[in-house]
Amino acid sequence: MHPNPIFHTEDAQRNLAYARETAFGVLAVNAPDGPHISHIPFLLSEDGRTAELHLVRSNPIARALKTPLRCKIAVSGPDSYISPDWYKVPDQVPTWNYVAVHLSGELTLQPQDKMHDLLDRQSAFFEDQLLPKPPWLTSKMTPDVLHKMMRQIVPCRMDVTGVDGTWKLSQNKPDDVRLRAADGVDAYGIGTDPRVLAALMRGASGAK
């Protein structure tokens, strides 16, 4: 997370909503041989207290879950390089604007009999966003094949104890300077979803 508090003005509910809607992030835990990291989809509860996910049984994180583990899920949003020329004011330096939300908490392994329900709810969350396509359902699979596949994955729950978000949108610049930078991102941005980032920059406010 960026240390400048001006980039941390969004409240917990907006950060949680962003994580819930994105529903994909980087799960990280500590291990004796160094950090273990996995890219995972997850379901965040409405109250933001629980994130549910599954891991391949052979994943090092799953293997380490003999006891609960402290963990973080990092959710990345749009980002872009910011050229100093876009500001049209002197003595500026390059930077990178981005949105990121971090969930902190404790990860535990769940009983295997919860896997089918979790798979149904996870797939429904994403399939519902593909309407009017008829949703994919686990009932479309041959039962024996589904059973064999589910034996290869394990359900996990993260009890969320902390949330923080960085919304680095040039709020440390005067509004006219920030808006010129947003125009540069919109036209020439280098990164992930720069036009989305430009829209967020235009809606931000900060230094006057």
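The values are calculated or read from the model by the stated rules, or taken from the named source; none is laboratory data. On a predicted model such as this, the values are computed, not experimentally measured, just so you know. Cβ placement follows ideal geometry from the backbone for every residue including glycine, while neighbour counts extend to all protein chains displayed.
For residue 170, the conditions (1) touching a strand residue (DSSP E or B) at 6+ places or on another chain (Cβ under 7 Å); (2) surrounded by fewer than 16 Cβ atoms within 10 Å (Cβ to Cβ); (3) at positive phi are fulfilled apart from (2). Here the stretch 10-42 is the region considered, the condition is being of a type in the set (Phe, Trp, Tyr) and outside any strand (DSSP E or B), and the residue that is farthest from residue 156 (Cα to Cα) is 18. Residues in the stretch 192-206: is at least one touching a residue at least 12 places away in the same chain (Cβ under 8 Å), touching a Lys or Arg at 6+ places or on another chain (Cβ under 9 Å), closer than 27 Å to residue 28 by Cα and not in a helix (DSSP H, G or I)? Within the stretch 192-206, none of the residues are touching a residue at least 12 places away in the same chain (Cβ under 8 Å), touching a Lys or Arg at 6+ places or on another chain (Cβ under 9 Å), closer than 27 Å to residue 28 by Cα and not in a helix (DSSP H, G or I).
Of the residues examined, residue 11 is one that is free of Cβ contacts under 8 Å to residues at least 24 places away in the same chain and closer than 15 Å to residue 162 by Cβ. Just one residue in the set 114, 133, 168 is closer than 26 Å to residue 25 by Cα, over 25 Å from the mean Cα position of the chain (by Cα) and at pLDDT 95 or above; that residue is 133.
Do you know which residues across the stretch 176-208 are charged (D, E, K, R) and modelled with pLDDT of 95 or more? Across the stretch 176-208, the qualifying residues are 176, 178, 180, 183, 186, 193, 195, 202.
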